[in-house]
1. Give the residue from A59, T5, G72 lying farthest towards the positive end of the charge dipole for the chain; charges sit on Cβ (+1 for Lys and Arg, -1 for Asp and Glu) and the dipole is referred to the Cα centre.
2. Please report the relative contact order for the chain, taking Cα pairs under 8 Å with a sequence separation of at least 6, and give it as a percent rounded to a whole number.
3. Can you list residues whose amide H is under 5 Å from Y56's amide H, if they're 5+ apart or on another chain and H is modeled 1.01 Å from N?
4. Just in segment 16-79: which trypsin sites (Lys or Arg not before Pro) are loop by DSSP and have at most 10 other Cβ atoms within 10 Å?
5. Helix-derived [θ] at 222 nm for the chain: sum -39500 (n - 2.57) over DSSP H runs of at least 4, divide by residue count, nearest 500?
6. Calculate, in nm to one decimal, what V67 and Q41 gain on full extension: separation in residues at 0.36 nm each, minus their alpha carbon distance.
7. Around L46, with a cut-off of 14 angstrom between Cβ atoms, what is the net charge of the other residues, counting Lys and Arg +1 and Asp and Glu -1?
8. Over all alpha-carbon pairs in the chain, figure out the percentage whose distance exceeds 18 Å.
Amino acid sequence: MVADTLTGINGELTRFGEMIAQTENKELKTTLRQMRNACEQSQEQLYEIAREKSYYVPAQKASAEEVSHVRGLFTTGTL
């Protein structure tokens, strides 16, 4: 359930980003940013609680070689 909730919140964050980029109304843009920030805070709080209780275990951290490889893909325009 926790993973599903985190996935749902991440989807909401994506939608907020899309809406912010597409609106020309400055007041609406500000409101959407505030909503996105609140959503990010709740996601972070849920993530921390889930990690503390071992309900959610993040993936293993990438090695320096893996990070370098992916960075290289982006800087050389391969993607």
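Each value in this text was obtained by applying a stated rule to the coordinates, not by laboratory testing. It should be emphasised that the depicted structure is a prediction, and the values quoted were computed from it without experimental measurement. Every residue, glycine as well, gets a Cβ built from its backbone with ideal geometry; the counts of neighbours run over all protein chains shown.
1. It is G72.
2. Working: 29 pairs, mean separation 24.3, N = 79.
Relative contact order here is 31 percent.
3. Placed amide hydrogens put R51 under 5 Å from Y56.
4. Working: sites: K26, K29, R33, R36, R51, K53, K61, R71; in loops: K53, K61.
Within segment 16-79, the qualifying trypsin sites (Lys or Arg not before Pro) (loop, at most 10 other Cβ atoms within 10 Å) are K53, K61.
5. Value at 222 nm, helices only, nearest 500: -26000 deg cm²/dmol.
6. Details: separation 26, 0.36 × 26 = 9.36 nm, distance 2.65 nm.
Roughly 6.7 nm would be gained on extension.
7. Working: positive: R51, K53; negative: D4, E12, E40, E44, E48, E52.
That sum, taken over residues with Cβ under 14 Å, equals -4.
8. Details: 1879 of 3081 pairs.
Every Cα pair in the chain considered, those over 18 Å come to 61 percent.
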